[in-house]
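Report on one structure; see the data block that follows.
The values are calculated or read from the model by the stated rules, or taken from the named source; none is laboratory data. Please read all numbers here as calculations on a predicted model, not as lab measurements. Cβ placement follows ideal geometry from the backbone for every residue including glycine, while neighbour counts extend to all protein chains displayed. Protein only, heavy atoms only, side chains kept; ligands, DNA and RNA dropped before computing areas. Shrake-Rupley method; radii C 1.70, N 1.55, O 1.52, S 1.80 Å.
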Amino acid sequence: MKEQLAEIRTQALAAVEAAGDSAALDALRVKYLGKKGELTAVLKQMGRLSPEERPVIGQLANEVRASLEQAIQQQSEKLERAALEARLKLEAVDVTIPGKAPVLGHKHPMYEALDEIKDIFVGMGFTVLDGPEIELAEYNFDKLNAEEGHPSRDWSDTFYFDTDSRVMLRSQTSPMQVRAMETMDLPIRIIAPGRVYRKDEVDATHSPMFHQVEGMVIDKGVTMADLKGTLNLVMEKLYGKGTVTRFRPHHFPFTEPSCEMDIQCHKCHGKGCPTCKGEGWIEVLGAGMIHPHVLEMAGIDPDVYSGWAFGMGLERMAMGRFKISDLRLIFENDVRFLEQF
Ligand code: DAH
């Protein structure tokens, strides 16, 4: 039995020293010291020993147990230290390495222009509205006086969702005029920026998706002079003091009278250059006095209230504001382009 115990000790100590992790150590603890372990198995045979031998073997067994427990404990501490060292090495930070400056993004030039436009209008007491891009033809056309058969309702121009042309991607932000009239208390001063969609081929000045900013004022005694005064002021704030504008007669179904507003080319001051395509002027928006029938359809009495409205192309404003020559640059999001602003 003595030899058996000595054998267990030698084997077990060697195994403990070779154990590479705590799971292996646990397994060895069970194998040698556990209830069904090898040492316990030997001790169970003690009954067969003579009374003289018993205390000797008992003491030896206790020594083996103690030395095994100690060895396991030491190995476990050794493994823990090694693991900690490995982790510290892995997580070590070399504070002498020069830092990497994070690359900061910034606002897209078109949204930069939109923020300026919003600031100007909010400063004049306008509220900024958001509205649905999937719109009912009723709001995009009917309630804006563009009846069945109006050319802008054609399938070749508009993205419809259904065969009876009721649901569509809005082709203008003007339906927000109607939504505002139907839900807001008078007087109303709003702008409504957002995406609009038309079946256009992509070129330097066209895209099937672009942005507009709609604006509308309804109050008692509002006149065309208010329209001109306000929009002139907005253009001066956007393009600088002394910006020259002109208003040309035009037609829109939802305004009467209607006009388009041009600004004198900021590059050539009216002489004609590539920026203004030789015209001397750049068209910036459509506007007009809200048609009495449009007011009436929204439940507003045109004998008491009047209003003006406008719609401008946001890309065009941004192109003018930042001297961008091609519309496609605005949508491509090429970092080399964006970094210039
Ligand atoms: N919705 C027009 C368009 O897309 C622009 C426009 C013209 C808006 C006159 C208006 C307006 O509010 O009064 O061409």
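Just how large is the dipole of the chain about the Cα centre, in debye to the nearest 20, putting +1 at every Lys and Arg Cβ and -1 at every Asp and Glu Cβ?
So the dipole magnitude of the chain works out to roughly 1540 debye.
Roughly how many nanometres apart are two label points built 7 Å out from the Cα toward the Cβ at MET46 and ARG248?
Spacing of the two 7 Å Cα→Cβ label points: 11.3 nm.
Given +1 on the Cβ of Lys and Arg, -1 on the Cβ of Asp and Glu, and no further charges, what dipole in debye does the stretch 196-340 carry about its Cα centre, rounded to the nearest 20?
660 debye
Report the calculated FRET efficiency for LEU79 and LEU136 (r = Cβ-Cβ distance, R0 = 56 Å), to the nearest 0.05.
Calculated value: 0.20.
Taking the Cα centre of the stretch 1-100 as origin and charging only Cβ (+1 Lys, Arg; -1 Asp, Glu), how large is the dipole, in debye to the nearest 20?
I would put it at about 300 debye.
Would you rank HIS211, HIS250 by solvent-accessible area, highest first, keeping every protein chain in place and using a 1.4 Å probe?
HIS250, HIS211
Per residue, what accessible area does the chain have, given a 1.4 Å probe and all protein chains present, in Å²?
Result: 57 Å² per residue.
Considering only protein heavy atoms and a probe of 1.4 Å, how much of the accessible area of the stretch 207-309 is carbon and sulfur, as a whole percent?
Solvent-exposed carbon and sulfur of the stretch 207-309 make up 54 percent of the total.
Cα centroids of the stretch 14-63 and the stretch 159-214: how far apart, whole angstrom?
Using only Cα atoms to place each centre, the spacing works out to 86 Å.
Pulled fully out, how much extra length does the chain show between THR205 and ASP162, if you take 0.36 nm times their separation in residues and subtract their Cα-Cα distance?
Taking 0.36 nm per residue and subtracting the Cα distance, the gain is 12.6 nm.
Could you give the length gained on full extension between LYS118 and PHE331, defined as 0.36 nm per residue of separation minus the Cα-Cα distance, in nm?
Length gained between LYS118 and PHE331: 74.6 nm.
Among MET46, LEU28, ALA61, which residue has its Cα furthest toward the positive end of the charge dipole of the stretch 1-111, with +1 on Lys/Arg Cβ and -1 on Asp/Glu Cβ?
Positive-end residue among those listed: LEU28.
Stretch LYS271-ASP94 to full length: gain in nm at 0.36 nm per residue minus the Cα-Cα span?
Stretched fully, the LYS271-ASP94 segment lengthens by 57.4 nm.
Can you tell which of LEU49, LEU144, LEU295 shows the greatest fluctuation in a Gaussian network model of the chain with Cα springs below 10 Å?
Residue with maximal mean-square fluctuation among LEU49, LEU144, LEU295: LEU49.
Rounded to a whole number, what % of the accessible area of the stretch 108-187 do carbon and sulfur atoms account for, probe 1.4 Å?
That fraction is 52 percent.
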